[in-house]
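Asker: Take this structure first; my questions come after.
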Amino acid sequence: MKKALITGITGQDGSYLAELLLGKGYQVHGMIRRSSSFNTGRIDHIYRDPHESDTNLLLHYGDLNDASSINHILREIRPDEIYNLGAQSHVRVSFDVPEYTAEVDALGAVRILEGIRETGINTRFYQASSSELYGKVVETPQKETTPFYPRSPYACAKAYAYYITQNYRESYGMFACNGILFNHESPRRGETFVTRKITRAAARIKLGMQRCLYLGNIEAKRDWGFAGDYVEAMWRMLQASEAGDYVVATGETYTVRSFAELVFARLDMPLIWQGEGVHEKGIDSKTGKIVVEIDPKYFRPAEVDLLLGDATKAKRELGWAPQTSYRELVEMMTDADLELAQRELRANG
Ligand code: NDP
Ligand code: GDR
């Protein structure tokens with residue numbers, strides 16, 4: 001039985017990857033952080049108490065900031081594959097906590113790579129690299145050869161992790177890959193990322209649980225895919241005959257504005273933007289239409305205006321292609337958040 005270690009197993013991607021690997025018969029080990037409240041909500045449906053049943057999903061306390069915990073886990077498990085998905089993954093927040101972001105997102109990667117070297121285990125390593133590396137537009141669509149131009153502390157930290165992964169591959173012959181993944185979303189997306197923020201708010205506005213949605217730069221363009229499709233690409237990278245770096249993207253790009261418009265249309269709600277009508281507390285007083293307001297608090301000191309990926313290499317070498325369309329993604333997320341809000345409403349009487 002193959003063993004995999006996932007850092008960031010409690011996050012969006014970690015939960016989908018754990019499902020995928022369990023389905024393929026792996027024993028899956030996840031590194032989790034100690035937290036004052038439960039942080040395993042995304043994997044509760046696949047977790048079984050090892051005291052009470054045979055389970056192939058095992059969790060270990062550790063932290064990417066703590067090399068000794070990483071080394072201990074590596075020695076104990078000796079995984080065949082390691083997926084380094086753990087990160088302070090919020091770009092806007094990285095401007096508030098730049099040093100912490102570098103500790104986890106940059107040095108976290110080298111701590112694992114050094115751990116592999118020191119323990120001498122024979123393993124394959126996946127690094128969660130990001131389209132944020134491209135940052136300011138140099139070339140579109142962006143592909144493996146497009147130069148990087150990071151625009152945030154998050155992207156700078158991820159740039160270090162990208163290069164150190166390549167460096168350990170070249171220096172020590174490690175099987176180490178970078179997946180340069182463009183934005184990918186799902187009903188499990190963190191609530192403060194823009195897609196989920198919109199679907200959650202729209203559902204709550206529909207049910208009268210919230211009045212208004214506040215957004216930042218709605219003209220930013222992103223290449224949005226479905227997280228469930230993207231974890232398949234991660235796995236395929238580690239099954240390849242040679243280690244490499246791959247762009248994973250849909251090849252389509254849309255504005256934040258258009259995403260919100262599709263979501264509101266799905267819920268049969270009219271949507272008008274701030275400045276397009278008279279409004280009070282989020283509802284246009286004459287038309288009753290929903291208003292989305294722009295709050296400069298959500299602007300970033302430096303923005304990434306346009307991301308559009310070219311995943312030709314992943315298609316050619318890994319046979320990977322996205323399965324879920326943009327519209328299907330919007331509908332899946334909107335419907336899931338409507339159901340969640342309805343459940344909350346029922347639970348509160
Ligand atoms: P999430 O923010 O949903 O999950 C991040 C995970 O990292 C959580 O499990 C979190 O634990 C864990 N984590 C945070 N800090 C630490 C730490 N110090 N030590 C150990 N674990 C830690 O991210 P996603 O699932 O969306 O993304 C997965 C990875 O892919 C990240 O590295 C992200 O930067 C990268 N990425 C994501 C893209 C996307 O569009 N989703 C695109 C490209 C790259 P906890 O639950 O306790 O907070
Ligand atoms: P991003 O995702 O920064 O691309 O990073 P996010 O959803 O946070 O922002 C996308 C775009 O939307 C604009 N935006 C807003 N963003 C947020 N969060 N909140 C708002 O209110 C808002 N209004 C407008 C942003 O300015 C931005 O242009 C994600 C993360 O998952 C990273 O970890 C990952 O590496 C990249 O995707 C690829």
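Asker: Looking at the stretch 78-92 only, could you name the residues that are within 10 Å of ligand 1 (Cβ to nearest atom) and either outside any loop (DSSP other than H, G, I, E, B) or surrounded by 22 or more Cβ atoms within 10 Å (Cβ to Cβ) (or both)?
Answerer: Y83, N84, L85, G86, A87, S89, V91
Asker: Which one is farthest from A202 (Cα to Cα), of the residues in the stretch 315-340 that are assigned to a helix (DSSP H, G or I) and touching a Ser or Thr at 6+ places or on another chain (Cβ under 6 Å)?
Answerer: If we take residues in the stretch 315-340 being assigned to a helix (DSSP H, G or I) and touching a Ser or Thr at 6+ places or on another chain (Cβ under 6 Å), then M333 is farthest from A202 (Cα to Cα).
Asker: Go through the stretch 77-130 and give me each residue that's in contact (Cβ under 8 Å) with a residue 60 or more places away in the chain and of a type in the set (K, R).
Answerer: Answer for the stretch 77-130, where residues must be in contact (Cβ under 8 Å) with a residue 60 or more places away in the chain and of a type in the set (K, R): R78, R92, R124.
Asker: Ok, one more. For the stretch 131-163, name all the residues that are part of a helix (DSSP H, G or I) and not hydrophobic (A, V, I, L, M, F, W, C).
Answerer: S131, E132, P153, Y154, K158, Y160, Y162, Y163
Asker: Out of H51, H29, I need the residue that is touching a helix residue (DSSP H, G or I) at 6+ places or on another chain (Cβ under 9 Å), farther than 30 Å from P301 by Cβ and not basic (K, R). Which one?
Answerer: The match here is H29.
Asker: Residue by residue through the stretch 246-261, note down the ones that are small (G, A, S) and either over 14 Å from T140 (Cα atoms) or part of a strand (DSSP E or B) (or both).
Answerer: Across the stretch 246-261, the qualifying residues are S258, A260.
Asker: Let me ask something else about it. Could you say which residue among I218, I180 is closer than 22 Å to Y298 by Cβ, among the β-branched types (V, I, T), within 12 Å of ligand 2 (Cβ to nearest atom) and out of contact with any Asp or Glu (no Cβ under 6 Å at 6 or more places or on another chain)?
Answerer: Matching residue, one of I218, I180: I218.
Asker: From the residues in the stretch 276-310 that are away from ligand 2 (no atom under 12 Å from the Cβ) and basic (K, R), which one is modelled with the lowest pLDDT?
Answerer: The qualifying residue modelled with the lowest pLDDT is K281.
Asker: Can you name the residue in the stretch 91-116 that is more than 18 Å from Y172 (Cβ to Cβ) and touching an Asp or Glu at 6+ places or on another chain (Cβ under 9 Å) and, of all such residues, is nearest to ligand 2 (Cβ to nearest atom)?
Answerer: V91
Asker: Going residue by residue through the stretch 188-199, is there one that turns out to be within 11 Å of ligand 1 (Cβ to nearest atom), of a type in the set (D, E, K, R), farther than 17 Å from L306 by Cα and without any contact (Cβ under 8 Å) to a residue 40 or more places away in the chain?
Answerer: Yes, the stretch 188-199 has at least one match.
The values are calculated or read from the model by the stated rules, or taken from the named source; none is laboratory data. The shown structure was predicted, so the numbers you read here are calculated from the model rather than taken from an experiment. In this analysis, Cβ positions are derived from the backbone assuming ideal geometry, glycine residues included, and neighbour counts consider all displayed protein chains.
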